[in-house]
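Q: Take a look at this one; I'll ask things after.
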Amino acid sequence: MASIFSRIIAGELPARFVWKDESCVAFLSIRPLRPGHVLVVPREEIDHWIDLQAGLLAHLAETAQAIGKAQMAGFKPVRIGVMLAGLEVPHSHIHVVPIRGVHDLDFDNQDPNPDPAMMDDAAETLRRELRKLGYAQVAD
C-alpha cells in the first residue's frame with residue numbers, strides 16, 4: 001500500500017507544494033511545528049533514511065538547504081531546524097522548520113488545525129523567496 005506521501009506525490013491527496021523536481025518534492029506539513037514547516041520527500045518510497053542512496057540523500061539535503069534559505073528570507077527565524085525522524089510516515093522525509101529555539105522542534109507542539117489562510121500565505125512566501133533565489137524547481 002502506498003504511503004500518504006506517495007499518494008500526495010501522485011496527486012491523489014492535496015498538498016501545498018513549494019518544490020518539484022525529478023527526484024523529490026517539498027510541501028508544507030499539514031501539522032506544522034511553525035508557519036512555513038516544509039517536508040522534503042523523495043519521489044521514491046523508501047521507508048528509512050539510512051536506506052537512501054548517497055546521491056539521493058545529498059540531493060534531499062541540497063533541496064532542504066534551498067528551502068531553508070527561502071524560509072530564512074521569508075520568515076526571519078532565529079535558525080532553520082532540520083530533522084529526520086521518520087516515525088509518523090513510513091517514507092523518508094526531511095523536516096525543514098523556521099525556529100526560534102530547539103523547543104520548536106518538539107512534535108508535541110504541532111498545530112493539528114492550522115489556519116488555511118496562514119498555510120496559503122506560507123506556501124506563497126516560500127515560492128516567492130525560492131524564485132528570488134533563482135530556483136527553477138518552484139512548484140506552481
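Each reported figure results from applying straightforward, stated rules to the coordinates on display, with no laboratory input. Just so it is clear, the model here is predicted, and its values are computed rather than measured. Using ideal geometry, Cβ is built from the backbone for each residue, glycine included, and neighbour counts are taken over all protein chains shown.
Q: Averaged over every viewing direction, what's the projected area of the C-alpha convex hull for region 17-140? Give it in nm², one decimal, please.
A: Averaging across all directions leaves 7.1 nm² for the Cα convex hull.
Q: Same structure again: With θ set to phi - 60° and the Karplus curve 6.51 cos²θ - 1.76 cosθ + 1.60, what are the ³J(HN,Hα) couplings of region 35-49 in order, to the nearest whole Hz, using x for Gly and Pro?
A: Karplus-based 3J(HN,Hα) across region 35-49 equals x, x, 5, 10, 10, 9, 10, x, 5, 6, 7, 10, 4, 10, 4 Hz.
Q: What does the convex hull of the alpha-carbon atoms of region 36-77 project to on average, in nm²?
A: 3.3
Q: Ranked highest first by average number of other Cβ atoms within 10 Å, how do 13-21, 25-33 line up?
A: Highest mean packing first, the order is 25-33, 13-21.
Q: Tell me which residues come under 5 Å, amide H to amide H, from ARG79 once H is placed; ignore anything under 5 positions away on its chain.
A: Result for ARG79 returns ILE99.
Q: Using the Karplus curve 6.51 cos²θ - 1.76 cosθ + 1.60 with θ = phi - 60°, work out ³J(HN,Hα) for each residue of region 14-23 in order, rounded to whole Hz, and write x for Gly and Pro.
A: Each residue's phi maps through the Karplus curve to give x, 7, 9, 6, 10, 8, 9, 9, 5, 9 Hz.
Q: Going by average Cβ density within 10 Å per residue, which order do the peptides 79-87, 56-64 take, highest to lowest?
A: Sorting 79-87, 56-64 by mean packing, highest first, produces 56-64, 79-87.
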